[in-house]
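These notes are about the structure you will find just below.
The values are calculated or read from the model by the stated rules, or taken from the named source; none is laboratory data. These numbers come from a predicted model, not from an experiment. FYI the Cβ positions are ideal-geometry reconstructions off the backbone, even for glycines, and counts take in every protein chain you see. Only protein heavy atoms, including side chains, enter the accessible area calculation; ligands, DNA and RNA are left aside. Shrake-Rupley method; radii C 1.70, N 1.55, O 1.52, S 1.80 Å.
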Amino acid sequence: VQLQASGGGLVQAGGSLALSCTASGRTFNIFRMGWFRQAPGKEREFVAAINWGGGVTYYSDSVKGRFTISRDNAPNTVSLQMNSLKPEDTAVYYCARSWGNFKPTDAKWYDYWGQGTQVTVSS
């Protein structure tokens, strides 16, 4: 499975950005897709995830109500709509795949990762 993330950029606080991640290759065994982020000097943290069948979603407390994860109309594509962005949302954002019903917030259960896309929110 290959994951290609796109859509990062620079935005002012309060603005919006949308990220996309497209999976290719052996995509038939995707159980869940997730987004994680890593800010400089910090550990990678969970942002959001969606179950591929059924669409159950999960969010970290820090983004709940501001970010929305969804399956895109394009095949094997997951999107992350980010609204009301804050400077503390600045990070490299990674999409990832999990093949089973494991803990959605734990990065160790995701086995394929995209290359990351930079999101910078200025104050």
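Of the numbered conditions (1) closer than 16 Å to Gln4 by Cβ; (2) part of a strand (DSSP E or B); (3) of a type outside the set (S, T, N, Q), Ile69 fails exactly one; give the number of that condition.
Unmet for Ile69, out of (1) closer than 16 Å to Gln4 by Cβ; (2) part of a strand (DSSP E or B); (3) of a type outside the set (S, T, N, Q): (1).
Need the failing condition index for Pro40 against (1) at pLDDT below 95; (2) within 26 Å of Trp99 (Cβ to Cβ), just the number.
It fails just one condition, (2).
Scan region 64-98 for residues that are among the hydroxyl-bearing types (Ser, Thr, Tyr) and closer than 27 Å to Ser24 by Cα and jot them down. Spell out how you get there, then give the answer.
Residues of region 64-98 among the hydroxyl-bearing types (Ser, Thr, Tyr): 68, 70, 77, 79, 84, 90, 93-94, 98.
Answer for region 64-98, where residues must be among the hydroxyl-bearing types (Ser, Thr, Tyr) and closer than 27 Å to Ser24 by Cα: Thr68, Ser70, Thr77, Ser79, Tyr93, Tyr94, Ser98.
Which ones in region 80-93 are in contact with a Ser or Thr (Cβ under 6 Å, 6 or more places away or on another chain) and in a loop (DSSP other than H, G, I, E, B)?
Asn83, Thr90
For region 12-34, give me each residue that is closer than 12 Å to Thr90 by Cα and either crowded, with 16+ Cβ neighbours inside 10 Å or touching a helix residue (DSSP H, G or I) at 6+ places or on another chain (Cβ under 7 Å) (or both).
Initially, region 12-34 is screened for residues closer than 12 Å to Thr90 by Cα, giving 12-13, 17.
Within region 12-34, Ala13, Leu17 qualify.
A quick yes/no check of all residues on (1) part of a loop (DSSP other than H, G, I, E, B); (2) within 30 Å of Ser122 (Cα to Cα); (3) open to solvent by 60 Å² or more (accessible area, probe 1.4 Å); (4) in contact (Cβ under 8 Å) with a residue 24 or more places away in the chain:
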position	(1), (2), (3), (4)
Gln4	no, yes, yes, yes
Leu10	no, yes, yes, yes
Phe36	no, yes, no, yes
Asp61	yes, yes, yes, no
Gly65	yes, yes, yes, no
Asn73	yes, no, yes, no
Val78	no, yes, no, yes
Cys95	no, yes, no, yes
